[in-house]
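Colleague: Below: one structure in structure tokens.
The values are calculated or read from the model by the stated rules, or taken from the named source; none is laboratory data. The structure displayed is predicted, hence computed values, not measured ones. Don't worry about glycine lacking a Cβ; one is built from the backbone with ideal geometry, like all the others, and counts go over all protein chains shown.
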Amino acid sequence: MELLERGARCGGALETIRRDGFVIETGADSFLSEKTSAAELARRLGLGAELIPTREIYGKTFVVRAGRLVEVPAGFMMLATAHFGPVFRSSLFSPLGKLRMALEPFIATRTSSDDESLDSFVTRRLGREVLDRVAQALAGGIYTADPKHLSTTATIPRFVEMERRYGSLFKGMRAAERARASKSPEVSGARWSLFQSFRNGMATLPETIARRLGESIRTGTEVVGMAPTADGWRLGLAAGDSIDAEAVICAAPAYAAARIVSPLEPAAAKLLGAITYASAATVNLTFRESDFEGPPRAFGFVVPAVEHRRIIAASFSSFKFEGRAPAGAILARAFIGGELHREMMNLSDDEMVAAVRDEFRALLGVKAAPGITVVRRWPDAMPQYDVGHLARVAEIERLIAPIPGFAIAGAAYRGVGSPDCVRSGEAAADTIFAKLSTPK
């Protein structure tokens, strides 16, 4: 078995920099433990003791409204709530916005089973203000997407099912609350309590796997094409040489997979090429606690597009997880770019840092220069799950299934998180083993 990695290291968006007592994540900083694949893999690798939860004492999420941070009402999850009381007391929504939200249980259930955009779904059930003030920002922080194009069935199937089953998101949230009565209702925002990481950072997982695989990994090796042979496949490499394999799992981004698959199954390649990507960047900054007028002891905040600011979200890593910064220090990071802020990717690294400092000064009152700055760009790294995405993926899978000794995996298909990618890779491996064990 050989793993061919185009980059200089394994792990993709799981990259951790450990420096001067800081544990700096340049990509994903956690994973959803509700999806068990990543945690189960970690335990199989002997990393169970390295898994750490979020610090629930700081489990609050804020949203920028009119240039200041406003806490997401307790019990508000992504775009809906089981309790209108905290919503009515919040300054996040206008009186008319609150009234429109309260009407949600009386809105007729959609009868069509066709996919729908997040924009359409939220405005239809809860009104434009919920979309503009919360849903776009929270979903944007995860998918860096335009809600006019973002598929609900691919990204928020839970809420789609609530409407179908209960006829109302409010009623569905109440039912879900009763089912998890032991959970605290005081944590706001995007279900932060369900997130986990590793004591020494997310890169712990790929680093451990890489050590296990050892010389089976070839970094700096890009596959540019493949052709069938009598015994399997010949992979053409960018360097001009080739490698033979009995079977292949392609975990490249959809646009790269399209080029590889094109000679084998042109229809599948066309569908793969239709999966678009957005670019983003993270800017990590370190400060002293004294640099803040009053540190927002929370996991972070999101920035709705209607605020017309230059960042899409920020998180406080040192509040979110234990051991991310030395005593008396704060590690923060901002997210830049995405589908709605493509122009930000044209900035230089220094300009990105300056933009983040400007926003932190305006929103957090931080005027001091940061100690450490780390900018990491992720070009074409975020697959966009447009309306109809799951149908497109199902057709890709159908077209690729007959290709002998070949399977695809990755974030482009059925989930962008680490557990989704682990599950996708394991499913692809199962497919390959089944194909290889079938008599020819």
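Colleague: Say whether the condition of being crowded, with 20+ Cβ neighbours inside 10 Å, without any contact (Cβ under 8 Å) to a residue 40 or more places away in the chain, over 25 Å from residue 36 (Cβ atoms) and not small (Gly, Ala, Ser) is met by at least one residue in region 339-355.
Modeller: The answer is yes; a qualifying residue exists.
Colleague: Those residues that are among the acidic types (Asp, Glu) and farther than 24 Å from residue 313 by Cα, I need them from region 253-300; list them, please.
Modeller: 265
Colleague: I'd like the residue in region 289-321 that is farther than 12 Å from residue 333 by Cα and among the small types (Gly, Ala, Ser) and, out of all such residues, is surrounded by the most Cβ atoms within 10 Å (Cβ to Cβ).
Modeller: Ranking the candidates gives 298 first.
Colleague: For region 414-426, does any single residue satisfy the condition of being acidic (Asp, Glu), farther than 28 Å from residue 228 by Cβ and crowded, with 17+ Cβ neighbours inside 10 Å?
Modeller: The answer is yes; a qualifying residue exists.
Colleague: Across region 351-381, which residue is nearest to the chain's Cα centre (by Cα) among those that are among the acidic types (Asp, Glu) and over 17 Å from residue 286 (Cβ atoms)?
Modeller: Top of the filtered list is 380.
Colleague: Would you tally the residues in region 43-86 being among the charged types (D, E, K, R), over 19 Å from residue 303 (Cβ atoms) and either assigned to a loop (DSSP other than H, G, I, E, B) or in contact with a strand residue (DSSP E or B) (Cβ under 6 Å, 6 or more places away or on another chain) (or both)?
Modeller: Matching residues across region 43-86 total 2.
Colleague: Please enumerate the residues belonging to region 409-432 that are touching a Ser or Thr at 6+ places or on another chain (Cβ under 8 Å) and closer than 19 Å to residue 395 by Cβ.
Modeller: Scanning region 409-432 gives 409, 410, 411, 413, 414, 415.
Colleague: Please go through (1) crowded, with 17+ Cβ neighbours inside 10 Å; (2) out of contact with any Ser or Thr (no Cβ under 6 Å at 6 or more places or on another chain); (3) over 24 Å from residue 197 (Cβ atoms) for residue 286 and return the number of the only condition it doesn't satisfy.
Modeller: Single failed check for residue 286: (3).
Colleague: Okay, moving on. If you go through region 422-436 one residue at a time, how many are under 18 Å from residue 36 (Cβ atoms) and basic (Lys, Arg)?
Modeller: 1
Colleague: Right, residue 375: assigned to a helix (DSSP H, G or I), touching a helix residue (DSSP H, G or I) at 6+ places or on another chain (Cβ under 6 Å) and either surrounded by 14 or more Cβ atoms within 10 Å (Cβ to Cβ) or in contact (Cβ under 8 Å) with a residue 40 or more places away in the chain (or both) or not?
Modeller: no
Colleague: Read through the list (1) closer than 30 Å to residue 394 by Cα; (2) crowded, with 22+ Cβ neighbours inside 10 Å; (3) of a type in the set (Val, Ile, Thr); (4) at pLDDT 95 or above, then give the number of the only condition that residue 144 fails.
Modeller: For residue 144, the failing item is (4).
Colleague: Here is a list of conditions, (1) touching a residue at least 60 places away in the same chain (Cβ under 8 Å); (2) among the hydrophobic types (A, V, I, L, M, F, W, C); (3) surrounded by 14 or more Cβ atoms within 10 Å (Cβ to Cβ), and residue 436 meets all of them except one; can you say which number that is?
Modeller: Just one mismatch for residue 436, condition (3).
Colleague: Scan region 148-169 for residues that are within 24 Å of residue 275 (Cβ to Cβ), touching a residue at least 24 places away in the same chain (Cβ under 8 Å) and either under 15 Å from the mean Cα position of the chain (by Cα) or assigned to a helix (DSSP H, G or I) (or both) and jot them down.
Modeller: Scanning region 148-169 gives 150, 151, 152, 153, 154, 155, 156, 159, 160.
Colleague: Let me ask you something else. Within the bounds of region 110-125, is there any residue that is within 28 Å of residue 68 (Cα to Cα), without any contact (Cβ under 8 Å) to a residue 60 or more places away in the chain and in a loop (DSSP other than H, G, I, E, B)?
Modeller: No; the residues of region 110-125 include none that is within 28 Å of residue 68 (Cα to Cα), without any contact (Cβ under 8 Å) to a residue 60 or more places away in the chain and in a loop (DSSP other than H, G, I, E, B).
Colleague: When residues of region 104-151 are filtered for being touching a Leu at 6+ places or on another chain (Cβ under 9 Å) and over 26 Å from residue 412 (Cβ atoms), how many remain?
Modeller: 11
Colleague: If a residue must be outside any loop (DSSP other than H, G, I, E, B) and surrounded by 18 or more Cβ atoms within 10 Å (Cβ to Cβ), how many such residues does region 15-42 contain?
Modeller: 12
Colleague: Looking at region 279-289, which of its residues are over 20 Å from residue 23 (Cα atoms) and not aliphatic (A, V, I, L, M)?
Modeller: Hit for region 279-289 is 279, nothing else.
Colleague: Mind checking which residues of region 63-74 are buried (at least 21 other Cβ atoms within 10 Å of the Cβ) and at pLDDT 95 or above?
Modeller: Those that are buried (at least 21 other Cβ atoms within 10 Å of the Cβ) and at pLDDT 95 or above: 63, 64.
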